[in-house]
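The values are calculated or read from the model by the stated rules, or taken from the named source; none is laboratory data. Owing to the predicted nature of the structure, the values given are computational and were not obtained by experimental measurement. Cβ sites come from the backbone with ideal geometry, for glycine too, and all protein chains shown count toward neighbours.
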Ligand SMILES: C[S@@+](CC[C@H](N)C(=O)[O-])C[C@H]1O[C@@H](n2cnc3c(N)ncnc32)[C@H](O)[C@@H]1O
């Protein structure tokens with residue numbers, strides 16, 4: 001499955017043999033003389049079909065045509081109207097560099113820099129800036145971004161029961177089954193450990209690696225450049241605030257947020273945004289730390305939770321009931337979870 005640029009009647013289609021493998025190449029460069037609404041749409045011309053041996057366990061079967069339900073658009077984080085651009089139609093990590101994107105409603109322009117596209121509301125502001133709580137700002141420090149996949153993330157397994165990225169991906173595939181072949185936002189991707197796995201799996205038509213930390217995105221970009229044969233097509237790096245997602249409503253098939261919910265300034269505002277951008281039937285899957293059952297009655301631990309929240313703004317150690325309530329409050333249904341010690345993977349769906 002791949003994604004193509006939305007077609008409007010005025011553009012010439014020039015299908016070639018390779019366009020059927022790469023539907024984004026359906027359009028000749030010459031045809032792109034006018035500004036396009038920046039939409040990604042799954043084409044029906046190319047598919048992943050990972051069906052191998054149906055008797056094997058862990059077999060993933062991807063639906064062959066999701067064109068009718070897989071469409072997403074980058075939007076202005078100020079007014080949520082879709083962005084237009086006049087760049088190369090082959091959307092990838094590399095073509096974003098130097099491209100400019102414009103909101104026709106508020107007239108704001110967003111520029112892709114060397115590594116990513118900045119779609120924060122403050123993007124482009126010259127003098128004004130805002131700082132976030134410590135649990136967000138910490139990850140903007142260059143040293144933390146450097147260390148994240150070089151030891152920091154590994155500690156989650158030691159004390160938090162996190163199974164590790166590959167195993168977590170295997171677990172989440174169960175939840176993502178209904179949307180495989182569609183697009184996915186890896187929200188708060190950090191240096192992109194899951195975004196890169198998603199891209200290499202071939203199970204998604206378009207991947208947006210999104211984080212608030214410009215240094216994390218830069219680190220992700222470097223990892224991608226270092227990797228031979230990394231599938232850069234249909235993969236972009238976007239800087240954005242989780243509480244102001246730069247996507248058109250109901251345009252996203254899945255949002256993944258690994259080990260991030262407890263770092264967000266307001267999980268409620270974030271999950272509400274995720275719910276807004278998910279299309280009906282779209283899936284939210286996230287991992288975080290959980291604390292309930294017998295542990296929650298230990299006075300030291302519950303006061304620790306309060307103190308951590310006051311100092312860092314982190315919503316770490318919610319209970320299963322709170323997480324389910326959070327999803328429900330944001331209009332997501334069918335809450336499910338998998339637990340291991342302090343680790344929890346949750347999933348909920350936008351009602352169809
Ligand atoms: C612990 S890391 C998780 C990274 C990765 N997803 C994983 O599974 O290991 C948390 C990430 O959340 C990001 N983050 C924190 N606040 C955010 C916000 N307001 N908007 C977007 N991302 C945010 C941080 O920059 C950081 O990269």
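Things worth noting here:
- Condition met for residue 178 (away from the ligand (no atom under 13 Å from the Cβ) and either over 14 Å from the mean Cα position of the chain (by Cα) or surrounded by fewer than 23 Cβ atoms within 10 Å (Cβ to Cβ) (or both)): yes
- Those residues of region 160-186 which are in a loop (DSSP other than H, G, I, E, B) and closer than 24 Å to residue 273 by Cα, in sequence order: 180, 181, 182
- Test: residue 115 is surrounded by fewer than 20 Cβ atoms within 10 Å (Cβ to Cβ) and either in contact with a strand residue (DSSP E or B) (Cβ under 8 Å, 6 or more places away or on another chain) or at pLDDT 90 or above (or both): no
- Qualifying residues in region 324-338 (those that are in contact (Cβ under 8 Å) with a residue 60 or more places away in the chain and under 19 Å from residue 256 (Cβ atoms)) - the one surrounded by the most Cβ atoms within 10 Å (Cβ to Cβ): 332
- Evaluation of residue 141 against the conditions (1) surrounded by 17 or more Cβ atoms within 10 Å (Cβ to Cβ); (2) modelled with pLDDT of 90 or more shows that the sole unmet condition is (1).
- In region 144-160, the qualifying residues are those that are more than 12 Å from the ligand (Cβ to nearest atom) and modelled with pLDDT of 95 or more, and the one that is surrounded by the most Cβ atoms within 10 Å (Cβ to Cβ) is 146.
- Selection of region 74-119 for residues being under 21 Å from residue 199 (Cα atoms) and part of a loop (DSSP other than H, G, I, E, B) yields 88, 89, 90, 91, 97, 114, 115, 116.
- Only listed residue being more than 14 Å from the chain's Cα centre (by Cα) and closer than 15 Å to residue 283 by Cβ, chosen from 173, 232, 200, 167: 173
- Only one entry in 272, 286, 259, 209 is surrounded by 24 or more Cβ atoms within 10 Å (Cβ to Cβ) and in contact (Cβ under 8 Å) with a residue 40 or more places away in the chain, namely 286.
- Those strands (runs of 3 or more DSSP E) of region 187-266 in which at least 1 residues are over 19 Å from residue 97 (Cα atoms), near the ligand (Cβ under 9 Å from one of its atoms) and touching a strand residue (DSSP E or B) at 6+ places or on another chain (Cβ under 7 Å), considering only elements entirely within it, cover 252-257.
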